[in-house]
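Here is the structure we will look at.
The values are calculated or read from the model by the stated rules, or taken from the named source; none is laboratory data. Computed from a prediction, not measured in an experiment: that's the story for all the values here. The protein model used for the area step is the full one, side chains on, heavy atoms only, and it has no ligands, DNA or RNA in it. Shrake-Rupley method; radii C 1.70, N 1.55, O 1.52, S 1.80 Å.
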Amino acid sequence: QVQLVESGGGLVQPGGSLRLSCAVSGSIFSFYAMYWYRQAPGKEREFIATIIRGGTATHADSVKGRFTISRDNAKNTMYLQMNSLKPEDTAVYYCNARQLSGANYWGQGTQVTVSS
């Protein structure tokens, strides 16, 4: 059974930084694409960033220049480095992994709160 486990969330002041991790049980190579999403209270889940097996990354305009997605294949872990955080970045952040077969997996989420 594939499991994705997020960590690294917490409370941070505006302008601060956090690094989220998404640990994958099994080989990260089994996924052709991995994603970060977030969901704020009362809002729909929002795409943040994606990284494909070859390493090409894409970021949403709302976080471009502030957030960076990456992956460490040796550690079977994906990351989201978040800098210059704003109160509107407050949300539960989820990692998602997809296989070419169509299988789609989600983590349980990690809370990020940006507040002074």
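Assorted remarks:
- Candidate residues VAL5, VAL12: accessible-area rank, largest first, probe 1.4 Å: VAL5, VAL12
- Where Rh is the Kirkwood radius over Cα pairs, Rg/Rh for segment 74-116: 1.08
- Separation of alpha-carbon centers, segment 72-116 and segment 1-52, rounded to whole Å: 1 Å
- When the solvent-accessible area of the chain is split by element, carbon and sulfur atoms take up 48 percent of it, the probe being 1.4 Å.
- The chain: relative contact order as a whole-number percent, Cα under 8 Å and 6+ apart: 37 percent
- Karplus (6.51, -1.76, 1.60) ³J(HN,Hα), θ = phi - 60°, over segment 62-78, in Hz, Gly and Pro reported as x: 5, 10, 4, x, 10, 10, 9, 8, 8, 9, 10, 5, 5, 9, 6, 9, 10
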